[in-house]
Amino acid sequence: MTDDVVTRIRSERRARIDGLLRHERDWCVYPGDGGSPLDVSEAALQREQDLWRTAEQLRERLGDGAPSREVLKYFPVLFVSAPHIERGVTGTFPGMPTPLLYATSLADRLVLIDEFPAQRTPRTVAVLNPGVYDDDFVAELRRVLRVHRPVLVGVSNLSEGHHYALRVAAIVKEEVPSAVVLFGGQHEDGVNPLVYRSASERVSRMPERQRAIYADFELSDAARDRLADLETLAAPSERAVVDLVFAGDAPYAMVEILQAVADSPDGDLASVKADLLRRRANFAALPGSGVLSFWDDSTGQVCRLPLSGSTVDANQLPFFDTRGLARPNRFPVFEGQLTAQIMACLGCKYSCSFCHESADAFLYASSKFRQRTARHVIAEMQLRYEQGYRALFFDDSTFTQNPAWLAQFLPLVTAELPGRVEWGCQTTINDLDEAMVGRMADSGCTYIYFGLESAEPTPDAVQKVLQLRRTNARLSWSERLREVAGWCRAAGVRIGTSLQFGLGESSAERMTTLRLVAELHREGLMPDGCVALNVNSPYPGTRQWLGLLGKRDPLPDYRHRLLRHGGFETAHQFSSLTGAAVDEIYRLAVETLGKALHADQVAEW
């Protein structure tokens, strides 16, 4: 290959990088890595030279009918964040599909700087993130499939959306039968039998005292067999539409999966699976805790390729690529401004039984906290501002759980982004003090969301209550809410909260919760539309789910369409309360809370 071709390849790289934003150009694979995206690696140079050679040879043979170098280089992929509700039901998730964007972040960056490590390069044609499953979404999905004929379709789903994820997969196979369908997301994390078996075996080897602490995770063979029936690949009907399932930390594994697809002619499924099996040692060396699963026709069993189990350093991952999102992200709490979502820390110090973070870290033998540096988060905020976002929301379960980190972060926001963006977060009423709220407001925080659950929740279900009893025994949970709400109002910070029923409370205790919130709303401590209603529901990957596995009652099967109560974010046939009990709670909530209730939840039911 001539020097002229090499010069043209390097020139094309420079033009590509010049087209990026400032805060995308000053790092190579991850912020602070010291590399430059202008540098063309030997592997990328060889790939481009091979493409030039192949394109020239085809042009000589086929003339104007020869495929272009771009056609030879790229293959289309599509990603879908499965919706979890239908139209007419509250609970629409208005935000970015952050778990999906996290999973594809490394692959997206390598493609963006033209360093994807394969002869062919995936090109994301769209990231569909519908709010609801309806005819409009189905029509858009079919249109994208027919126009682009993706070689791989990745679907991310929660347990609440698993039924719709399976519908999406069936539509993909109808429109593009050859497409490789990859499932991932929180539901797949929670029904992966391998991690339950591994966790159970770890507990069985613990000293007696430690073993008692993690007794929930020590499952019998019968309990694990019950879970195996709910794995996505367990049913032949699912295997007909879902080809690959990934559970766990996906960024590095996603690159490996896409490489296997890239190296297989036309993404042929048998070739992809064979290539994945040849990459078993590669997967075993990848950072992260997780496993890729697929059905092996030759053995009639599920084949599993586990990762190394090492902790992924979030500071060594690129920022999410938001370019492909089909739906702009505008949070009503920020008056409809274009809103970016950021995760500063994966993990929560609490272990509330209904939350997946009560069990995830132990199931996957991973670090309970993965905190990014304050400087790393600031760099992402600067990029989002450059991209046009004027509001930011932190998706951390408990954003203020690390006061030392927050003390580093807030001054940087004030210094690096003075007055440019407003931001919000979610945390607990435990993890704030008056001075902290003031500093957060001074740096641009205008909104905080609290998971109140109830006026006096039991520590067995809501573990965060225990900390308040240890650190501030003079206050009850409801008194603490009043105190924190007062701090927020004084600082000009609006608040939102979720109430959760079905945690073992009595009817009288439910009314106490509703009256408390109504009283705070009348006093101006809580704004209009600030309350979301939920009924406790057991989801895979939580301590509640572990408890169900040890019983003989049928397990909730989220393959089924959820029969939802339209006035709640979460209330369906698998919830701890159903039927007339839920109708009565809704009636009382509407009567008692009035304008405090989220507008979407005031409906005719």
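The values are calculated or read from the model by the stated rules, or taken from the named source; none is laboratory data. Because the structure is a prediction, the values reported are computed rather than measured. Quick reminder, even Gly has a Cβ in these numbers, built from the backbone with ideal geometry, and neighbours come from all protein chains shown. To get the accessible areas, we keep the full protein, side chains included, count just its heavy atoms, and leave off ligands, DNA and RNA. Shrake-Rupley method; radii C 1.70, N 1.55, O 1.52, S 1.80 Å.
Summary table
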{"item": "Test for Pro418: is it closer than 18 Å to Thr446 by Cα and out of contact with any Leu (no Cβ under 7 Å at 6 or more places or on another chain)", "result": "yes"}
{"item": "Candidate set from segment 209-253 (those that are assigned to a loop (DSSP other than H, G, I, E, B) and charged (D, E, K, R)); member that is most open to solvent (accessible area, probe 1.4 Å)", "result": "Asp229"}
{"item": "Subset of segment 380-404 (residues that are of a type in the set (Ser, Thr, Tyr), in contact with a Phe, Trp or Tyr (Cβ under 9 Å, 6 or more places away or on another chain) and open to solvent by less than 20 Å² (accessible area, probe 1.4 Å))", "result": "Thr398"}
{"item": "Residue match in segment 174-194 (condition: open to solvent by 10 Å² or more (accessible area, probe 1.4 Å), of a type in the set (D, E, K, R) and over 21 Å from the mean Cα position of the chain (by Cα))", "result": "yes"}
{"item": "Yes/no for Thr299 being open to solvent by 20 Å² or more (accessible area, probe 1.4 Å), of a type in the set (Ser, Thr, Tyr) and either at pLDDT below 95 or within 29 Å of Ala235 (Cβ to Cβ) (or both)", "result": "yes"}
{"item": "Subset of segment 354-363 that is open to solvent by 20 Å² or more (accessible area, probe 1.4 Å) and in a loop (DSSP other than H, G, I, E, B) - its residue that is farthest from Pro538 (Cα to Cα)", "result": "Cys355"}
{"item": "Restricting segment 210-223 to residues that are in contact (Cβ under 8 Å) with a residue 40 or more places away in the chain and in contact with a helix residue (DSSP H, G or I) (Cβ under 6 Å, 6 or more places away or on another chain), the residue that is farthest from Val168 (Cα to Cα)", "result": "Tyr214"}
{"item": "Close pairs from segment 276-304: first over 22 Å from Ala240 (Cβ atoms), partner buried (at least 18 other Cβ atoms within 10 Å of the Cβ) and among the hydroxyl-bearing types (Ser, Thr, Tyr), Cβ under 6 Å, at least 6 apart", "result": "Leu286/Tyr252; Pro287/Tyr252; Gly288/Tyr252; Ser289/Tyr364; Ser289/Ser366"}
{"item": "Complete set of residues in segment 35-67 that are assigned to a loop (DSSP other than H, G, I, E, B) and aliphatic (A, V, I, L, M)", "result": "Leu38, Val40, Ala66"}
{"item": "Residues located in segment 550-571, provided they are within 30 Å of Ala228 (Cα to Cα), in contact with a helix residue (DSSP H, G or I) (Cβ under 8 Å, 6 or more places away or on another chain) and buried (at least 21 other Cβ atoms within 10 Å of the Cβ)", "result": "Tyr558, Leu562, His565, Glu569, Thr570, Ala571"}
{"item": "Pairs where the first residue, in segment 379-391, is outside any helix (DSSP H, G or I) and the second is among the polar types (S, T, N, Q) and open to solvent by 20 Å² or more (accessible area, probe 1.4 Å), C-beta under 7 Å, 6+ apart", "result": "Arg390/Gln337; Ala391/Gln337"}
{"item": "Some residue of segment 20-36 being β-branched (Val, Ile, Thr), over 25 Å from the mean Cα position of the chain (by Cα) and over 30 Å from Gly161 (Cα atoms)", "result": "no"}
{"item": "Verdict on Pro150 being open to solvent by 10 Å² or more (accessible area, probe 1.4 Å) and in a loop (DSSP other than H, G, I, E, B)", "result": "no"}
{"item": "Which numbered condition Asp263 misses (of (1) of a type in the set (D, E, K, R); (2) closer than 30 Å to Val71 by Cβ; (3) touching a strand residue (DSSP E or B) at 6+ places or on another chain (Cβ under 7 Å); (4) touching a residue at least 40 places away in the same chain (Cβ under 8 Å))", "result": "(3)"}
{"item": "Selected residue (criterion: farthest from Val80 (Cα to Cα)) from residues of segment 195-213 that are of a type in the set (Ser, Thr, Tyr) and within 26 Å of the chain's Cα centre (by Cα)", "result": "Ser200"}
